[in-house]
Amino acid sequence: MRMNRRHFLAGVAGAGTLAGTLTLGGAGRAFAQAGQPIKIGIVIPLTGATSQFGTTMSAAAKAAAKDINDAGGVNGRMVEVLIEDDQSNPEAAVRAARKLIDVDKVVSIGGSYASAVTSAIAPLCYESKTVLFTSSGADSITKTPHNGYIFRTSPTVTLQGTRVGQYALELGAKKMFFLGPQTPFAQNYIDIISGLFKDAGGTGQGLIYEDKRASYRTEVDQALRTKPDVIVLGGYVPDTSVVLKDLYRAGFTGKKIGFSFGVNPVLADGVPAEVSEGTASLVPSAAEDSPAYKTLIGKLGKPALDSYSCQVYDHVVLTALALASDPATAASGVVVHDKVRAISQDAAGTKVTDVGQALKLLADKKAINYDGPSGPLAFAANGDVEGVFFRYEEVQKGKLTLLKVA
């Protein structure tokens, strides 16, 4: 069985062990290694149709582990992130998750971007009492009987679809047509956005197409026969690129709105500027004004960073802080499950955005309320994050331009 597996022992590059003491690169100090490393799994798309954020997700996970270890680790133990490529494929993701859970004995799995991937691995996680932190949007994910073992840090499909529909109406559209491949959320988008248009006195229709085709001209022609003034693009980058080219060839001059998984810098760089010009996108926004976000982009050497990579950083940190809040109990998914809300949404706790400071406060037996680069991390009873923001962007002259954050 082929497995694309990447191990990263954060903060240890160039360091060695002597008599049970581990010297941390960048920290300039050492601490006694009390027990084996705490293992945290990361399942992300490094290859395949949803891989546009995979590289930065990986870098963010490594940065989080290094920050934790440079601060002394979790209760004297290092954190090790084990990064697996889900290949944008549910079957590959299941193989990766099984190995992380059964062989590596991770306490949590983070990343988990595509909804089809998350839907496939979620039962493996909650049945084994391994916490799953996910960046997926499909509403069905937190409707599973997960017993509190799933925490979603990204907005739901319902919220994303509602915002896209509302934005299309704000732009003056009256007739909407949705084009997208078969996914766990495609029909939900059609229902949500069509409902908004009908409530506003307009019309909404949709068509779900077969993925990975060289042309969608038949589907485009079918959509254009309804005379839409807005096309909602519900696919990932590869198929959205093809649909945009076919819309351009068909002479469509109406509005085009997509989601961050389909309309993003990768798409803008990959198709001719005249093809993507004017295409809008709604993107879950990171906490761009927060110290945590500014610190992370500095560490990664980026002028800006997508929300999904910021979420992966927080997946690692939330795991570490939950475990650090209960030093008397052996590290496990059960502890993470029990303590996440205590360290991320305690109104009486000290507001903190730096993991090193958070670990110190916990060591001093003080309550904390952690907000990360992805934003506030308060979770509803079903595990969905609350209080999210969106970036509204538009392709202008081949580049995505920010219109507003709301």
When both residues are 6+ apart or on different chains and their Cβ atoms are under 9 Å apart, which pairs have a first residue that lies in region 197-220 and is over 12 Å from residue 240 (Cα atoms) and in the same structural domain as residue 257 (by TED's automatic domain parsing), and a second that is polar (S, T, N, Q) and part of a helix (DSSP H, G or I)?
-> 203/194; 204/194; 205/194; 206/187; 206/194; 207/222; 208/187
Would you mind stating whether residue 239 is surrounded by 21 or more Cβ atoms within 10 Å (Cβ to Cβ), part of a helix (DSSP H, G or I), touching a residue at least 40 places away in the same chain (Cβ under 8 Å) and acidic (Asp, Glu)?
-> yes
Take residue 387 and decide whether it is under 18 Å from the mean Cα position of the chain (by Cα), of a type outside the set (S, T, N, Q) and over 30 Å from residue 254 (Cβ atoms).
-> yes
Any idea which of 381, 406, 348 is surrounded by fewer than 16 Cβ atoms within 10 Å (Cβ to Cβ), out of contact with any His (no Cβ under 9 Å at 6 or more places or on another chain), under 30 Å from residue 162 (Cβ atoms) and at pLDDT 95 or above?
-> 381
Take region 362-378 and flag every residue that is part of a helix (DSSP H, G or I) and surrounded by fewer than 21 Cβ atoms within 10 Å (Cβ to Cβ).
-> 363
Check region 254-266 and report whether any residue there is among the basic types (Lys, Arg), assigned by TED's automatic domain parsing to the domain that holds residue 399 and not in a strand (DSSP E or B).
-> no
Here the residues within region 203-223 that are surrounded by 18 or more Cβ atoms within 10 Å (Cβ to Cβ) and either out of contact with any helix residue (DSSP H, G or I) (no Cβ under 9 Å at 6 or more places or on another chain) or part of a loop (DSSP other than H, G, I, E, B) (or both) are 216
Segments classed as strands (runs of 3 or more DSSP E), wholly inside region 1-83, with at least 2 members that are modelled with pLDDT of 50 or more and under 30 Å from residue 183 (Cα atoms) | 38-44
Identify, by number, the condition in (1) in contact with a Leu (Cβ under 8 Å, 6 or more places away or on another chain); (2) in a loop (DSSP other than H, G, I, E, B); (3) more than 21 Å from residue 135 (Cβ to Cβ) that residue 328 doesn't meet.
-> (1)
Is it the case that residue 298 is at positive phi, out of contact with any Gly (no Cβ under 6 Å at 6 or more places or on another chain) and not in a strand (DSSP E or B)?
-> no
Flag for residue 327 being surrounded by 24 or more Cβ atoms within 10 Å (Cβ to Cβ) and at negative phi | no
Scan region 37-62 residue by residue and report those that are in contact (Cβ under 8 Å) with a residue 12 or more places away in the chain and either of a type in the set (S, T, N, Q) or over 30 Å from residue 235 (Cα atoms) (or both).
-> 37, 38, 39, 40, 47, 50, 51, 52, 56, 58
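The values are calculated or read from the model by the stated rules, or taken from the named source; none is laboratory data. Keep in mind that what you see is a predicted model, and the values were worked out from it rather than measured. Ideal geometry is used to build each Cβ from the backbone, glycine not excepted, and the neighbour counts take in all protein chains shown.
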